[in-house]
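Novice: Please find one structure pasted underneath; my questions will follow.
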Amino acid sequence: MSDSTALSLSQLPPESLHVVFCYLDIPDVLRMRRVSRYLNGISHSRQVWTNAYRTAEFVRPPGPFLWQSTYDLEKALVCSFRVHWNLLNGGGPAQTEIQARKLREIRYTGIGVGVSLVFGRFLVIGFKEEVRCHDLKLEASDASIIYQSPGGMLGGLIAFLPLTSRVAHMHVQCRSRTRRRHHDFRSIRYTWGSNPE
């Protein structure tokens, strides 16, 4: 028994649904996409995410700006909502991971010429003839050799310049074994988890 005067969702004008979307939390907007194709299409409109950005009651990046796409607004709001949710609920899985970390000791008998922590995860130690890297998230204590000085000694591990979340430039100062006071600066592009380029 259906009522012939009842409206289906697809008969509602988008403007009235935009008003309804203003009262929904971010997860509810995302859930509405699964209800019907019509609501899915409306939930991808810029107006929905612009209104959600303006009415959100949690900390978020500045916006909405005209240059931000619908995808940019949605992504910023979803990320901000997740941070807000985790703060309200005691940190979520990230907090458990912090509590589960163990103290780890790394010992070397050689004299290091430079030490750097890259991306908050990789401990990089420069020695006389090579650069070694420890992945602090792995249980194994052995280090990977990520650079060996060809025919010279390292004078210092100068700097790391992060390019992406896994790629960095490593600047190394090398000294010649044969010529005194001869220094050579090398720039090596390194992707963590592979070999230097």
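The values are calculated or read from the model by the stated rules, or taken from the named source; none is laboratory data. Given the structure is predicted, the values throughout are model-derived calculations rather than measurements. Here Cβ is always computed from backbone atoms with ideal geometry, including for glycine, and neighbour counts include all displayed protein chains.
Novice: Within the bounds of the stretch 49-56, is there any residue that is at pLDDT 90 or above, hydroxyl-bearing (Ser, Thr, Tyr) and more than 25 Å from the chain's Cα centre (by Cα)?
Specialist: no
Novice: Related question: Can you confirm whether the stretch 129-138 contains a residue that is surrounded by 16 or more Cβ atoms within 10 Å (Cβ to Cβ), of a type outside the set (Ser, Thr, Tyr) and modelled with pLDDT under 75?
Specialist: yes
Novice: Farther than 19 Å from SER8 by Cα, at pLDDT 85 or above and not aliphatic (A, V, I, L, M) - does that describe any residue in the stretch 29-39?
Specialist: Looking for residues that are farther than 19 Å from SER8 by Cα, at pLDDT 85 or above and not aliphatic (A, V, I, L, M), one finds none in the stretch 29-39, hence no.
Novice: Just give me the residues in the stretch 2-55 being without any contact (Cβ under 8 Å) to a residue 24 or more places away in the chain and small (Gly, Ala, Ser), in sequence order.
Specialist: Of everything in the stretch 2-55, those that are without any contact (Cβ under 8 Å) to a residue 24 or more places away in the chain and small (Gly, Ala, Ser) turn out to be SER2, SER4, ALA6, SER8, SER16, GLY41, SER43.
Novice: Still on this structure: Only one of these conditions is not met by LYS75: (1) of a type outside the set (Val, Ile, Thr); (2) loosely packed, with under 13 Cβ neighbours inside 10 Å; (3) in a helix (DSSP H, G or I); (4) modelled with pLDDT of 90 or more. Which number is it?
Specialist: (2)
Novice: Given the structure, is THR96 modelled with pLDDT under 60, of a type outside the set (A, V, I, L, M) and within 21 Å of the chain's Cα centre (by Cα)?
Specialist: When the stated conditions are applied, THR96 passes them.
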